[in-house]
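To keep things clear, I will list the structure first and then write my remarks on it.
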Amino acid sequence: DKPWTVPALAEAKRDGRKLVMLTCYDAGFARALDAGGTDLVLVGDSLGMVVQGHDSTLPVTVDDVAYHTACVARGLSRALLIADLPFQADASPQIALEASTRLLRAGAAMVKLEGAGHKLEVIRYLVEREIPVCAHLGLTPQSVLRLGGYKVQGRDEEAARRLREDALAVEQAGATLLVLECVPSPLAADITAAANIPTIGIGAGPRCDGQVLVLHDLLGVDSGHRRPKFVKDFLVEGGSIAGAAAAFASAVREGRFPDAGHSYAS
Ligand code: KIV
Ligand code: NA
């Protein structure tokens, strides 16, 4: 299989091919995920929780993400590498440009940032400067202080309307992908149908254009945090790290994951 490119992601949506994404933080696991047929690998700021042991993603720095991005990049041959802009690394267009440039130099092909609102200007600024952007809406963990916890988003009609508007706005601003985290399945399905860019769900039901899980959750590693209902341990059926990635990939491509037990109906 040939390496993924940014324009190939839009083709995948057009062709109805599901996208398989996992997070990763080092070269050895990157090699295994690549071998398991993972399409997209994300150096998530979840590393603050699952690698560093913090209670939130807020302590993560650009140095941290750049270090892990360089490690992961050395292990990949086919998957497209995305790196998170950590807390406040997207506070202004100029700050985001500097951080994103470092992450692309470390080997990422795209950066991900949370939210819409003033972030729309940041997305436009980066895209105009040849930096592909993945947006992230719904539960945005960098908003944990305002939200008061990690909760399902878009449950009432007003919140759902705002989420639909934000999804179209990030696409308009130039985002290439959209991660939807912890939103009811029907809302994620609506957004996926309305959007021209692929949606990647986590706790967002089966009708997104792709799915993502945190590596530690895929492998049943206890990271000391409450396990949300959308998490599934694929190591049991996969038998190895690459096997777990392959089992997740098959389940996503065949529409078997997530099922109703791993989704929020409303
Ligand atoms: O940081 C992360 O791992 C993420 C995914 C959950 C999408 O943002
Ligand atoms: Na993240």
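Every read-out reported here was derived from the displayed coordinates using simple, explicitly stated rules and does not represent laboratory data. Quick caveat, the model's predicted, so the values are computed rather than measured. A quick note on method: Cβ atoms are made from the backbone with ideal geometry, for glycine too, and the neighbour counts reach across all protein chains shown.
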Next item on the list: Just add up the charged neighbours of Val51: K/R +1, D/E -1, any other residue whose Cβ is under 11 Å from the Cβ of Val51.
Entry: -3
Next item on the list: Could you tell me, in Å, what Rg and Dmax come out for the Cα atoms of region 1-137?
Entry: 14.3, 40
Item checked: Spherically averaged projected area in nm², based on the convex hull that wraps the Cα atoms of region 21-94 -> 4.9 nm²
Item checked: J(HN,Hα) series, region 78-91, from Karplus relation 6.51 cos²θ - 1.76 cosθ + 1.60, nearest Hz, glycine and proline x -> 10, 5, 8, 9, 10, 10, 6, 7, x, 3, 6, 6, 10, 5
Check: Using the 10 angstrom Cβ neighbour count as an exposure proxy, how do Lys229, Lys151, Lys2 rank, fewest first?
Finding: Lys2, Lys151, Lys229
Notebook entry, point to check: Per the Cauchy relation, a quarter of the hull surface: what is the mean projected area of the convex hull of the alpha carbons in the chain, in nm²?
Noted result: 12.1 nm²
Check: Taking θ as phi - 60°, what are the ³J(HN,Hα) couplings along region 249-262 by the Karplus curve (6.51, -1.76, 1.60), each to the nearest whole Hz, with x for Gly and Pro?
Finding: 4, 4, 4, 6, 5, 8, x, 8, 9, x, 8, 4, x, 10
Check: Looking only at Gly238, Gly149, Gly138, which one moves most when the chain is put into a Gaussian network model with springs between Cα atoms under 10 Å?
Finding: Gly149
Item checked: Inter-part distance where region 37-90 and region 1-24 are each reduced to a Cα centre, Å -> 19 Å
Next item on the list: State to the nearest 20 debye the size of the charge dipole of the chain about its Cα centre, where the only charges are +1 on K and R beta carbons and -1 on D and E beta carbons.
Entry: 300 debye
Notebook entry, point to check: Sequence-distant or interchain residues sharing an amide H contact under 5 Å with Leu19, placed H: which?
Noted result: Gly210, Gln211
Checklist line | Other-chain or far-sequence residues with amide H under 5 Å of His136's (modelled H) | finding: Leu113, Gly115, Val179
Note to self: Looking only at the chain, where both bridge partners belong to it, what percent of the DSSP beta bridges are antiparallel (to the nearest 5)?
What the structure shows: 0 percent
Check: For region 171-182, what does the Karplus curve 6.51 cos²θ - 1.76 cosθ + 1.60, with θ = phi - 60°, yield as ³J(HN,Hα) per residue in whole Hz, taken in order and with x for Gly and Pro?
Finding: 5, 4, 6, x, 4, 9, 9, 9, 7, 10, 10, 6
Notebook entry, point to check: Do the sum for the chain: with -39,500 (n - 2.57) for every DSSP H run of n ≥ 4, divided by all residues, what is the mean residue ellipticity at 222 nm, to the nearest 500 deg cm²/dmol?
Noted result: -11500 deg cm²/dmol
Item checked: Interchain or long-range residues, amide H under 5 Å from Ser56's placed H -> none
Margin query: Under the 0.36 nm per residue contour assumption, what length would be gained going from the current alpha-carbon distance of Ser56 and Arg161 to full extension?
Written below: 35.1 nm
Item checked: For Asp190, net neighbour charge (Lys/Arg +1, Asp/Glu -1) across residues whose Cβ lies under 11 Å away -> +3
Notebook entry, point to check: Extension gain Ala265-Ile95, at 0.36 nm per residue separation less the Cα-Cα distance, in nm?
Noted result: 57.4 nm
Notebook entry, point to check: Once you charge only the Cβ atoms, +1 for Lys and Arg and -1 for Asp and Glu, what is the size of the charge dipole of region 204-246 about its Cα centre, to the nearest 20 debye?
Noted result: 200 debye
Checklist line | Point-to-point label distance, Arg124-Lys151, nm (Cα→Cβ direction, 7 Å offset) | finding: 3.2 nm
Item checked: Gaussian network model of the chain, springs between alpha carbon atoms under 10 Å - residue of Arg155, Arg146, Arg129 with greatest fluctuation -> Arg146
Item checked: Proximal lysines to Lys151, defined as alpha-carbon separation beneath 30 angstrom and excluding residues fewer than eight positions away on the same chain -> Lys13, Lys18, Lys112, Lys119, Lys229, Lys232
Margin query: What does the net charge come to around Leu163 if you take all other residues with beta carbon closer than 12 Å to its beta carbon, with K and R at +1 and D and E at -1?
Written below: -3
Margin query: So if each residue of separation counts as 0.36 nm, and I subtract the Cα-Cα distance between Lys2 and Asp233, what length gain in nm does that give?
Written below: 80.3 nm
Next item on the list: Identify which of Glu158, Glu128, Glu98 has the largest mean-square fluctuation in a Gaussian network model of the chain, with springs joining Cα atoms closer than 10 Å.
Entry: Glu158
Margin query: If the only charges are +1 at each Lys and Arg Cβ and -1 at each Asp and Glu Cβ, what is the size of the charge dipole of region 182-255 around the Cα centre, to the nearest 20 debye?
Written below: 140 debye
